[in-house]
Every structure is written in structure tokens, then in C-alpha cells.
1. Could you please tell me the mean projected area of the C-alpha convex hull for chain B, averaged over all directions and given in square nanometres to one decimal?
2. Taking 4 °C and 1.567 mPa s as the conditions, I'd like the Stokes-Einstein D for segment B:1-141 in µm²/s, using the Kirkwood hydrodynamic radius from alpha carbon pairs.
3. Could you list which residues have their amide H under 5 Å from that of A:K129, counting only those 5 or more apart in sequence or on another chain, with H placed in the peptide plane?
4. Identify the GluC sites (Glu not before Pro) of segment A:135-230 meeting these criteria: DSSP loop state and at most 13 other C-beta atoms within 10 Å of the C-beta.
5. Using the Karplus curve 6.51 cos²θ - 1.76 cosθ + 1.60 with θ = phi - 60°, what ³J(HN,Hα) values do you get for each residue of segment B:345-361, in whole Hz, with x for Gly and Pro?
6. First select every other residue whose beta carbon is under 12 angstrom from the beta carbon of B:Q128; then total the charges, Lys and Arg +1, Asp and Glu -1.
7. Based on the alpha-carbon gyration tensor of segment B:304-462 and its eigenvalue square roots a ≥ b ≥ c, which shape applies: rounded if a/c is under 1.5, prolate if not and a/b is larger than b/c, or oblate?
8. Grab the beta carbon distance between B:V623 and B:L358, set R0 = 35 Å, and tell me the FRET efficiency rounded to 0.05.
Amino acid sequence: MATKAKGCKELVSEVIETRLCALCGACTGNCPYLAYYKGRIALLDNCSRTDETQCYEYCPRTHIDMNAISQKIFGMPYGENEMGTVKKVFMARATDTIIKKKAQYGGVVTALLSLALAEGLIDGAVLTKTSDDKTPAPFLAQSVDDVLQCAGSSYMACPVLGRYNQIPKEDSSQLGIVAMPCQVLSVAKMKAVPPENRVSIDNVKLVIGLFCTWALSPDKFYQFLKENLDLSKVKKFDIPPPPANRFDVYTLSGKTSFPLEQIRKFTMPTCAYCLDMTSEFADISVGSVEGTEGWNTVITRTDAGVDLMEMAKKKGKLQIDKLPSSNLEHLKEAALLKKKRAMNEIVKKSGDKNNLLYLGLSPGLTEKLLA
Amino acid sequence: MANIEIDAPGTSQLFIGNEAIARGALEAGIGFAAAYPGTPSSEILGSLAQVAKKIGIYAEWSINEMVAMEAAAGASFAGIRALAAMKQNGINVVSDFLANLVMSGTGKGGLVLVSCDDPSAISSSNEQDTRPIAKWLDIPLVEPGDFQEAKDMTKWLFDLAEELGTLCILRSVTRIAHARGNVKLGELPTKQHKAHFDQIHDLKNVMPTTFMPLPSSLRHFFLHMKLDKAREKFESSPFNRYVGPDKADLLIITSGSCWLYSQDAIEALKLRDRVGILKLGTLWPLPERFVTEHLNKSDKVLFVEEIDPFLERSVMELAGNFPSNAVRPTFYGKRSGHINAYGELNPDMVIKAVSTILGLTYQARDIDYGKKAEALVKSSVPERSMTFCAGCPHRATFWSIKNALKLDGRDGFVTGDIGCYSLALGPAGFFQVRTMHCMGGGAGVANGLGKLGQFGFDQPVIAVVGDSTFYHATIPALINGIYNQSKFILVILDNSATAMTGFQPHPGTGMTAMGEPTKVVSMEALCRSLGAHVEVCDPFDFKGTTNTLLKMMADDGGAKVAIMRRQCELVRAKKEKSPYKVHVDIEKCIGEDCGCDRLCTRIFLCPGLIWDKKTGKSRIDEVICSGCGVCVDICPQGAIIREAV
């Protein structure tokens, strides 16, 4: 069914004002009308375009035909697997001591990016970097040193794709992107229908997706941190795997913990409507391993992902092991739970079982998830 | 500007009305002139200042009309003939002083105030009429009907003001002030000015040498005596005259530029032997006997005057006092709807009114003629909206203000003020201005808005004023904001000139009206001394300016000041060449495509940028582009290129 082309006005009314915006940054960076500022996408002026509007098109919270996207990325329709299309699942950790020290968990993302850069698979990578004031900011890493600076997470949403969009369109550098599931979804939309007047999406050779249950608001949560901590002394944020149920902040003088319940209220509202825990459209997805500190869970999904993992193994950059089956089962459970919860929230918000807001899912799967 | 000090009595010179007034003041032997620029009055002081040094008078641009009037009164108190000039809005600024000055009386030097009204508010925020204010304040008021009168009346008014010992007003309007005509010159005085504040009481003079409005009842009584004396003088003034038949079908009562329109109308209708015109030059107090004598010329009277029905009401008031058996004419004018009660008039409007009253059919021109003429002219005039000049720093400032307000996201807004930047209420300033009243008004309004936090008000408020406006009327509002901790940002557009009225210097420029270097009154030092947090930005630095505004909006505390400092482009361009040569790389320009949508020619709207419909790309209008290069930083595709010249 042909839908009426929509533009920034609809993006504002359907996504931003309804608090579905994930702050992925896909609508910013090369558009003079939309800009990210302090946890918000602002419309600076009205764009008059109605026939071809990439801000609306690539938003992960506007209409997505999951089957079509999956077909484009994986050559098959969107399946029923809780973790999406999977080639292999491992657990892994970096071998490099510097990476290990800096990394959030096993340092796999840093190790893979460093390797891809060193081997010339990519020339740069769009990442999230924690700024001096501890706000997350998009960053184009162009060296291993740059990548190391971006290690660690602040758990706050960051408009990474805005930085990607800023890359001049004539730039032919090969790129990697490390992204949250919502951002991976946006990149997948771009791969399905390549954007115009921007840097070519074909330049993106590697998408590393992160596991995500929810992200924190970079505005409200940051205010909370600012009021409760001396941010200049913060070294690292961490949400240890369950059952810890806390948010830890490591400072120069030690560790401060907040109960997770206190933190959850700063969750981005849009996360409640997200089905994807494991970045299903990435080349490689990476997360923590429950109960095993210092390791990552790694899912390879595409040939590019498989090749990079193999190279990392061959070059001794990663130590790879089998993910215990109990962990795998637990991961699947959690991923499915997120899908079911999100589906219910979506229907609750739309008030109609046949209206899944942005989601285009097969009726069978819809029914299954709503059951 | 014309040379108003040419010493050639009897010769004719081509002067605009304002120059004629200035010449009249010179012939009257003024020693002191002060004004605040304001269209259509600015050339009076401008032309006096130009010759002041040479002929040994003093002329200044004062920081506002009130100080100008007070300073001129000071000169009068010390025996120097003095003139203050302003536009109609200035009368409001100065009215408190005027209400007391009329009571205190003036000094030995005659004191004249020239007020230039702006019917249709062509260059103003309103079309206020000075005449009723003069009546309300008990100030004699005259109005020249042509350029010769503008000069002659000014000279004569100084004599009158000095004789009466009270301030007199010369009212002019745009079409007298700015139109040009021949003026036959008179003698320039050779008398040397000697100023002295005479402290000794002069028993022969009813005026004591203290200048105060007290005791007020007595002073009020004296003032009325002066008005009676003025009225008596006006009864035989040559500036009032009747032109027309002894018995007319219609009598027009008019003054000022409407006298010219009325003559044109009667000429066009060929009604010289049927319609008489009573042209008045001395409007207040009304020469009642003179007017009464002429009222019997016709049983129909039409008032042709702009803005308020001043003559209409004054004459009807007079007729109301006629004996009960007296014959009263039928009055036509604004009250009857024959003359517009607002805006400028023109000969066509007078023709229409006269024809209607006399039941004539007169077709001034083919109905389609106007439309055809308009279409013809439009075809050769480039399409251009009312906007800031190419390279104007105000456009850049409002760009940053707009973006900062949008990014901040709390629905903030701008309270505006009077100057070129008033245009920001439209597309030139991206529709950012929400209030606009009088000079300094925006900062005052912001004071109130900035104190509404307790009622849940969280919208950032930015009061925008020009540099000249800052000195003129904004400082008390800023002090109030600091004292009462009102949360707003005062943005001062410091373009180093009173740009809208013709680049007159002000206290921040280090130059006087007479071209002498002087101390710079630093606005940042002043604001900081008041305790304000002050930032100075270059409006062409979009990023820096936007971030500064965002930070100031986020910060708590009372009034803050952001000075946007960049010289008026027109002033800069007079002194130096363009910094850049700018062009559009048509390979990079994506025009209407997604990722631009003609940002430069649809939103930014610098007149130096043109949308080329044929190619679907933007290009630079090389004639208009000032080479400021600021558009380079708004192009999302990097398609606008600047090369240093």
C-alpha cells in the first residue's frame, strides 16, 4: 500500500511529541532543520519537502517492514528467533591488557574495532564517547587510540547516527558503526533504501550492535547524576548483570551505587516500545555475560561479522569460548520477554491490536508475541 | 545634504523641508541645537551639525529626546536661542519635561521644539499626531505649508517664543520634511553668542529667574496669559490665509502638506472660483476671530488634515460657542467619513471628498491605469521583500537567536524594540519578535515576564535592543532587571551606529555629532558595573553565539547581557572593500533536495542569495552580495564558497 510521503512535521508529531524518539540521531547531521540538543531533537525551521523525506524515512520509530528489511540484510524474511538471525553465538574477551582494563566487560567491541582499523577493513568508526562533562557524544574514531578513548558505556542514549550523517558525501572512507538496537535498525533502513545527498551507506562495512534492555535519558538522567555526584571525578558507569539490581558509578574515590529502581525512571520512554534486545540487524552483536565477569556474549549474524570474528581469533585478538547453554537459554528468554513486553506496550499505546505504531510485523508473529 | 549656511540672501536654494527648518533656525540666530535621530526629523540636526563648527554654534546628538529637550532648555535659560528636534514618538519621551517646562517658562533665549510627524507611519511604529499634545500641554504650535514657510516660520517662531517666554512647537510631516523645494534665503545673523545664567531678578520681567513649575496655580495662570498673547499674534499672522472666491460653494480648512494637496485637488477639478481654501499655519491656539470671519465664506466646510481631526474639532468647538441664532455651516471631514481618519492623504483623496460633497463626477484617471502602471513598474523591479541588507549582522544574530530558542525547547521568545531590527518580526528575522512598542519597551516588558517563575512561567525571554536604543531608553530597564532579579537576556545589537536613521553617532561610537572624537561609553563596562553577567559575541560566529545564548538561557539569576558586536555592513562598506568573494559551487548545491530544501533562499533570505529556478540551484547576486561570507556557515552542503579578497 502506498503511503503518503511524510516529512519533518510528521516526524515531530508522530515520533518526537509522542515520546517515541530514541535519539538515534538519524534525522540529524545533514539536515539543517533538525538538530539534537540536550536529549531532544529540535525542529529549527519548517522543511517544505513532502515527497522525499529522509528524516522520516530512516527513523527507527516510523513504519518498518521487518520482513523487507530482513530480506535486504539477511536474504530471508524476519523469523521467529528471539535473537533474530544468528550465525553463531560465543562468549569472548579481548586479549590485549590495555583494552581489558578500559573495557566495560570483555572488551570485544574495542578489540574488534581496533583490529578492523589496523587491518584496513575500515578507516574510521562512529562511536559514542563520554565527554569531559560525562555526557555521551558521538565521535568519529580514526585510530586505535581514538577507539580506546570510547571504551565504556554511560548507558545514556546518544545520537550517533547524526555524526555519521555529517560525514561529507564525497568521503569514501570505509566505516564501522557501534550502535544500539534502535540505531542498528535505522542503519538497516538506510541499507534497504540508500539515502541520497549523504555519504554512501555502502561505505559502512561493519555494524557492531550492542545488547540493550533500555537506555537512559541523556537529559533527565544526566541532571540526576549532576545533582548527586561530582561528575568530574567519575571514571566509569556500570550496571552489573542481575541479580545485582544496581547502577554503579566508579569515581576517583571509590564506588557509589544507586538502586536500579531509582534509575529506571530516567529510562527513555521509547525503550518500552522496542522489541530488539540484541541488535538483530547488526553484523555482530555484543553484550555482557550473566554471571561471568570480564566476558562478552557475541552473536555473529552476517558473513562480514563471521569473517571479522575469525580474523580476531586467528590473530589472537580475542579469546573465544562457547557460551554456556544456560546463559544462551537465559538470553533468549530475556530477548523474548522484551519483545512481548514491547508488543503489549505498543498495543496499549495505540489502543488497537491492528495498530502496531511503527512496526510492520507478520500477523502470525504479532499474534504469537501478543499471546 | 545641502549647504544650509550659504550666505547669499535673496537667492533660492533647493532644500528639503528639514534643511529649510535648519536654515530658518540659523537665520533666527540659534546657538544651540540638540536632537535624537528619528525619521522624518533627522536631517534637521544633521544639517546643523555639519555647519556648526564653522559658524560657531553647538549641535549634538543627545542620547534621547528628553535629554535633547532639557539640554536645549538649559541653553535657553542661559540666554541662547535653542532648538530641539525629534520625531513624533520623541514627544512622548519628553512630555514629562514639557508639562513642567511650560509652567516654568523658558529663558531669555527663544526655545523651539520641532516635531516631525509621520502620517501612515512610513518609518515609525505609530502615526501619532503632535497637535493634540501641544493643545493638551498648552504649547503654541505652528505648521509650515511649504518649504519656504518651513524656513520663514522657524525664524519667526524663535522671535515669538522669546517674546512669549514659552516653548513653541513647529510641527512638520514627512512630505514637508523630506520633500524638496525652492527656498529664498534670508540674512544670516552676525551676532556673537554670549551665554550667562542671569541670577538677578529682573523686576520688569514677569518671569523670575528661577525656572520651576511652582507655584503651579500662578504659573498656570501666567501660561494662559501667554497663550492669549500667542492667539492675538496668530490672528494677524501671514501664515494664515484665505484663497478663493468671496462666496464659495465649499470652504476647505487645511494646513501643512494638506494645503498642497488641497490646491492640487481644486486645480484638477477646476473649481478655483467655487471652492475656497483657508490655509492655517498657526494651529494652536486657534486664531478664533480669523477663522470665524472665514467660516461665513460657505455653508459647507471640509477639513483636510492628516491623522487626527485636530482642526475639525477645534473649529467645531469654536462653532459650538457661536450665539444660538448664528448660522452654522455643515462640517465635512473625518467625522463625516469624507476624509480618512488614519494615514496620509493625497490629492486624489481630496478630489474624491470634494466631488462627493459637491455632487461632481470626476474621474482622475482610467481605473485600469493604476493597475497597468503598477504592473509595468513591477516588471522591471527585482522581487524583494522588506529585509535586512546583505551582510547585515542583525540577520546573523536572529539566526542564532532562533536556533538557540528552538534548541532550548522551552518555547522562548523575543521582546523587540525600535530600530532596523524591528524587521525581525517578519521573515528578515525569522519571525522571532513577539512584542514591539517603543524604544526601551522590549526590555521593560521582559522585566515583567522574567518575574513570572512563581506562576509556572519557564519560557526564556530575550529582549533585543539596538546599541543606540540601549543608551536611549534601556538602561533603567536593565537596572530594574538586576535589582529585582528578573530572568531575561538583554541582547544588544551593537552595530556601532544609529543605522536606521542614517548612521548617526552615539555614545558607543567615540564620535560627536560635530565630528569630534570623544570618550566611548563602553556598554559592557556599564552593564558589568551594574552587576550584569555580560558576554560579547560576534554574530557571524553562529556556533559561539548560539552556545552563549543557550548557556545564558540555562543559567539561573537575574538579567544578563549579550552584546552582539559587528559593525553595520553599510558603514563598513563605506570604509573598506568586501572581505570575501562568494560563489555557489553548483556541483555541491542540492537546491530543493532533502538535506537542504533551499535553506539559504527560503529561510535565511539574505538578498545577496538568489534562487535560480532554471538550474534548481542557488547563486550569488554579485551586485547585492556584500561579501560578508556568513552564508557559507549556513549551507548544509558546504556549497557556498568564500575566497578572501
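Throughout, read-outs are computed from the coordinates displayed, never taken from laboratory work. This is a predicted model, so every value here is computed, not measured. Backbone-built Cβ (ideal geometry, glycine too); neighbour counts: all protein chains shown.
1. Details: hull surface 138.1 nm².
One quarter of the hull surface, i.e. the mean projection, equals 34.5 nm².
2. It comes out at roughly 85 µm²/s.
3. Answer set, sorted by chain and number: A:A137, A:F139.
4. Working: sites: A:E170, A:E196, A:E227; in loops: A:E170, A:E196.
Here the sparse-neighbourhood loop sites are A:E170, A:E196.
5. Whole-Hz 3J(HN,Hα) from phi for segment B:345-361: 9, 8, x, 4, 5, 5, 4, 4, 5, 5, 4, 4, 5, 8, x, 9, 10.
6. Details: positive: B:K87, B:R131, B:R171; negative: B:D117, B:D118, B:E127, B:D129, B:E306, B:D308.
With Lys, Arg at +1 and Asp, Glu at -1, the net is -3.
7. On the way: a/c = 4.27, a/b = 1.66, b/c = 2.57.
Note, shape of segment B:304-462 comes out oblate.
8. 0.10
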